[in-house]
Amino acid sequence: MTTTVARNQTSIRSRHSRGAMPRESPRRTAHDRRTAPFVRAPFVRAPFVRAPLVRAPLVRAPLAWAPLVVVAWAACFAPGAARADDPAPAAAASESATSVTARIDPIPPGIEAVYRGAAPVSVEQLREMEAHQRQLVAKAMPCIVGLQIGQAQGSGVIVDANGLILTAAHVVQRPNQSVNVIFPDGTIVRGRTLGLDRASDAGMVRINGPPPSDGGGGGANGAEPKPGGWPFLEVGGSEKLAVGQWIVTLGHPGGYQRGRNPVVRVGRILSLEGDLVVTDGPLVGGDSGGPLIDMSGKVVGIHSRIGGSLTANMHVPSQAFRDAWDRLAAGEMWGDVPRGSPYIGVQGDPDNDRAKIVYVEPSQPADRAGLKAGDVVTRCDDTPITDFSSLAAIVSDSEPGRKVVLEVERGDETLKLDLVIGRRR
């Protein structure tokens with residue numbers, strides 16, 4: 001049967017008549033196509049064409065550099081057979097879990113000024129940059145992990161040999177939860193959430209035990225420990241960041257889009273707004289909690305919110321973690337979600353295995369979109385919603401003003417509702 005609904009509500013069909021809908025991999029939205037994966041144009045072009053940071057005569061330079069970057073990086077980071085949703089056995093050795101710290105070669109003197117914001121002036125400089133960034137990413141990638149907490153997904157970065165992970169507070173959710181820590185090769189180990197500061201969106205996780213090896217008993221998940229500990233990146237000082245400086249944004253190969261390539265994107269710092277770093281390094285769902293690294297390979301921030309455009313991506317500066325390090329490591333939770341953060345005005349049932357809405361706040365974005373108590377949200381744009389925490393994660397990842405389409409089940413009907421994510425007041 002067909003049901004007509006007002007304005008922004010579109011009835012798809014009766015649940016009784018539609019049959020089982022196949023669970024396909026989510027199709028990319030226009031925003032996803034604009035920002036992911038790293039082999040697409042924004043990855044290469046953004047650092048050069050964003051005015052006024054680069055002078056107009058140089059906007060053609062990416063044409064010389066682009067083939068080098070795309071071919072070399074695609075070869076280095078093509079996905080292997082192992083995947084996060086098809087994990088390797090717990091006792092299997094992970095190439096990610098090496099016994100050495102990720103050491104990045106120094107920045108070549110010929111491109112130091114470019115990385116600080118100057119314009120490149122030769123093809124040779126572009127080649128030096130490409131070679132340096134290939135080496136930087138190859139050594140950083142084993143330290144980037146996916147975090148699965150219940151049905152929610154996020155990213156993180158290992159920052160010490162004992163398996164301490166920095167991520168976003170909205171990924172952690174609350175202390176002392178079990179975490180699946182997913183390495184780029186698909187290996188999964190166990191961890192626990194530690195502390196979080198909701199005001200700054202800083203969170204911590206720790207892996208349970210040392211790295212696994214081919215042996216059995218004694219290490220993480222019952223494997224023999226490897227000497228030297230987990231691979232990790234050093235935490236740098238965000239207070240030294242400057243507008244125009246080049247950075248790399250990284251995310252784990254998983255998130256909402258299963259089987260995606262490892263996420264590697266180059267960008268630059270657009271502004272430093274007190275407790276936030278704003279960059280044009282593109283992000284997509286699942287990247288939250290991943291690292292913002294400088295060109296020396298140090299972690300200078302953690303991804304917090306994904307904007308609706310290329311230039312609206314927010315990162316927690318590393319100084320926020322340094323200031324709260326002991327409290328985070330001790331498993332404390334403090335701070336209020338700041339005003340101005342993304343908000344839609346609903347409450348859900350955390351014990352329900354679906355994203356069932358139990359309360360809709362009047363005159364807030366969800367109410368204006370037509371969402372009602374009792375509705376079950378099943379999809380946001382092309383991303384499946386499995387439970388209320390996964391809905392909350394998508395909202396937290398978004399910048400206020402982003403327009404999304406919610407697919408909801410209401411009784412025997414499936415509806416589509418247009419919703420504009422609001423701002424907490």
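Which length gain, in nm to one decimal place, applies between R190 and D418 when the Cα-Cα distance is subtracted from 0.36 nm times their residue separation?
Length gained between R190 and D418: 78.3 nm.
Tell me which residues come under 5 Å, amide H to amide H, from V358 once H is placed; ignore anything under 5 positions away on its chain.
Q347, G348, D349, G374
Kindly provide the pair-distance distribution of segment 339-423 built from C-alpha pairs, with 5 Å bins from 0 and whole-percent values in order of increasing distance.
The calculated distribution, bin by bin, is 3, 17, 28, 32, 16, 4, 1, 0.
Could you order peptides 296-306, 241-251 by the average number of other Cβ atoms within 10 Å of their residues, highest first?
Final packing ranking: 296-306, 241-251.
What is the calculated FRET efficiency for A242 to R174, with r their C-beta to C-beta distance and R₀ = 22 Å, to the nearest 0.05?
So the FRET efficiency works out to roughly 0.05.
Expected output is a single nm value to one decimal: the length gained when fully extending between A161 and W325, i.e. 0.36 nm times separation in residues minus the C-alpha distance. What is it?
Difference between extended and current length: 57.4 nm.
Read-outs: derived from the displayed coordinates by stated rules, not from any lab. Please read all numbers here as calculations on a predicted model, not as lab measurements. No Cβ is skipped: glycine too gets one built from the backbone with ideal geometry, and neighbour counts run over all protein chains shown.
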